[in-house]
1. Using the structure shown, select from A:Lys119/A:Lys196; A:Lys118/B:Lys254; A:Lys54/B:Lys176; A:Lys85/B:Lys176; A:Lys18/A:Lys54 the pairs with a Cα to Cα distance greater than 23 angstrom.
2. Could you tell me how many cubic angstrom of Cα convex hull volume the range A:97-162 has per residue?
3. Taking beta carbons within 10 Å but only from partner chains, what does the mean come to for residues B:165-173?
4. Quick one: what are the phi-derived ³J(HN,Hα) couplings along the range A:144-157, Karplus 6.51/-1.76/1.60 with θ = phi - 60°, whole Hz, x for glycine and proline?
5. Would you please report the Å³ per residue occupied by the convex hull of the alpha carbon atoms in the protein assembly as shown?
6. Within 11 Å, Cβ to Cβ, of A:Arg69, how many net charges do the neighbouring residues add up to if Lys/Arg are +1 and Asp/Glu are -1?
7. On C-alpha positions alone, give me the angle between the axis of helix A:118-131 and the longest principal axis of chain A, in degrees, nearest 10.
8. Using only the alpha-carbon atoms, how far is helix A:244-257 inclined from the longest principal axis of chain A? Give it as 0 to 90 degrees, nearest 10.
Amino acid sequence: MSSVQTSHQAVDVQGLWKIFNEGSNNEVTALSDINLSVKPGEFISLIGPSGCGKSTLLRVIGDLTGATRGEVFIAGETAPVAREKQLYGIAFQQAALFDWRTVRRNVELPLELQGLGKKERRERALELLELVQLSDFAEHRPWELSGGMQQRVAIARSLAVDPPLLLMDEPFGALDEMTRERMQNELLRICQETGKTIIFVTHSIPEAVYLSDRVIVMSPRPGRITHTVPIELGERNEDTRETDTFYAGVTAVREALRGRSASASPPRIEEL
Amino acid sequence: MSTQTAAQSRRTGRFSGIWPPILIAVLFLAAWQIFVVARDIQPYLLPAPSLIVTNFFTDLSLMWAAAFYTGTTAFLGLVLGTVLGLVMALLASRFIVVNHLVTPLAAGLAAVPIIALTPILNNMFNITSRTPRVLVTMIIVLFPMFVNVTRGLLQVKPVQLELMRSMNAHPRTTLKVLRIPNAIPFFFTGLKVAAPLAVIAALVAEYFGGPQEGLGSRIASAAANTAYGRAWAYVVASIITGLIFYLVVVAVEKWTTPWTGRTRST
Ligand SMILES: Nc1ncnc2c1ncn2[C@@H]1O[C@H](COP(=O)(O)OP(=O)(O)OP(=O)(O)O)[C@@H](O)[C@H]1O
Ligand SMILES: [Mg+2]
């Protein structure tokens, strides 16, 4: 629209406001003046207290609800165009599976809507179910699965059309610690192999630090970004969670959440 | 938590099977028989179960024919009313204007007493045919079908709609993939109400003249001839007919929608 960029940001949010019920007396300013640029292949976490607008931000980026003011671009396209072009996949806070479909056919849904053939659809779905370790449950119904398993089905579904951007709203919230760590590593592996950009909402500070290139700290009433904490952990491995850099990152995010401008030097916190 | 409730419902499921109602029915019938015999109650007040049963079996072949006639009327009305209810529900869920227009209309139709309607329809159509009775039944069936299916089409979880939107689904696709499957349990809820209601409607519609082959006509003529045992035997046949309609719906539902009632609240 404005300038001809050679390489676009994966996500570019400029001066975004979201006000629910504007003008009425139950008006809620869910997002105020959000500015956020995400580079292709970058892993961003959003963290902040309940009600600070994390889900709303994901929804606006995905064009599931309109912005009150401001602009959102995905890979240089406006949010509505990006949605039409299926430039992102989304995993919601609730699994949102269809009870009348088997697990496999839930994962097939986005492919079905794209008009992919039955056989290809099936193969791709089984591949994805293997990835989230649910191959044995392909022909089960969603209500036969635990909450964490349902959430993994939803993740598989969000990966189905192989979108360059993934929006994930607390996808690992319902998982036990072991499954959670395994899923985290799987997600990082997928990102590395496919170069996906991820915006990831979580309430877990260690999870945010472990996964992210940058942790975005938000605060409520009105929902806004207060800090950006860059994380430089390099290649993640089994020992990463034991390193001093990791602990420093956790501390920095915790301080930011408490609203303190941290003093520690590495990693630095950019006050906004 | 959810496994516990599942286990509980399975256990209560065994006790809420068919045996308790049968036991209660047997006890009730026994008490009724004893009461009528002991107090020497006249049949026009209350015939003994034994009298009803005797009449039931002496009239069995006529009763079959009557149940078949009324059952056919009920079935035709049920099919027509269901189809019409579905079409109206699809339109109502698609266009909000239609919804505002059609809902009061359907409610209005539901409020029309069948008694007021039947003689009019008898005059409008050929009274010697089945047509007015089928139409009455159709109108009675229409309302529960329309209301339930419309609710099923509209009461979709917001997050499921957002998912469809994220996949850039056309409204027609959303209807096919999400709304219609979501409405199926609601459809059966409506049908479970409508099916026995159709039998009642078909039967009551026979009280206003026309062919005399149905259950309703038989009850009326037996009562007019002071054959109270026979009248009651036909009432029993009517109950059985209604019950069969209901049970068929329940069976079809079990067979086609195994997910109904299993949804976890997540
Ligand atoms: N559809 C809506 N209508 C009105 N207000 C809304 C709507 N959706 C969200 N809000 C409000 O916007 C604010 C942010 O909600 P949001 O769901 O984005 O929070 P969140 O950060 O995701 O919280 P949580 O961590 O609990 O999921 C809340 O105050 C909420 O009440
Ligand atoms: Mg949320």
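Rule-based calculations on the coordinates, nothing more; no lab input. The structure displayed is predicted, hence computed values, not measured ones. A quick note on method: Cβ atoms are made from the backbone with ideal geometry, for glycine too, and the neighbour counts reach across all protein chains shown.
1. The pairs that break the limit, which is 23 Å between Cα atoms, are A:Lys119/A:Lys196; A:Lys118/B:Lys254; A:Lys54/B:Lys176.
2. 71 Å³
3. Partner-chain Cβ atoms within 10 Å, mean over residues of B:165-173: 6.
4. 8, 9, 6, x, x, 5, 4, 4, 5, 4, 4, 5, 4, 5
5. Measuring per residue, one finds 220 Å³ for the Cα hull of the protein assembly as shown.
6. Net of charged neighbours comes to -2.
7. 50 degrees
8. 70 degrees
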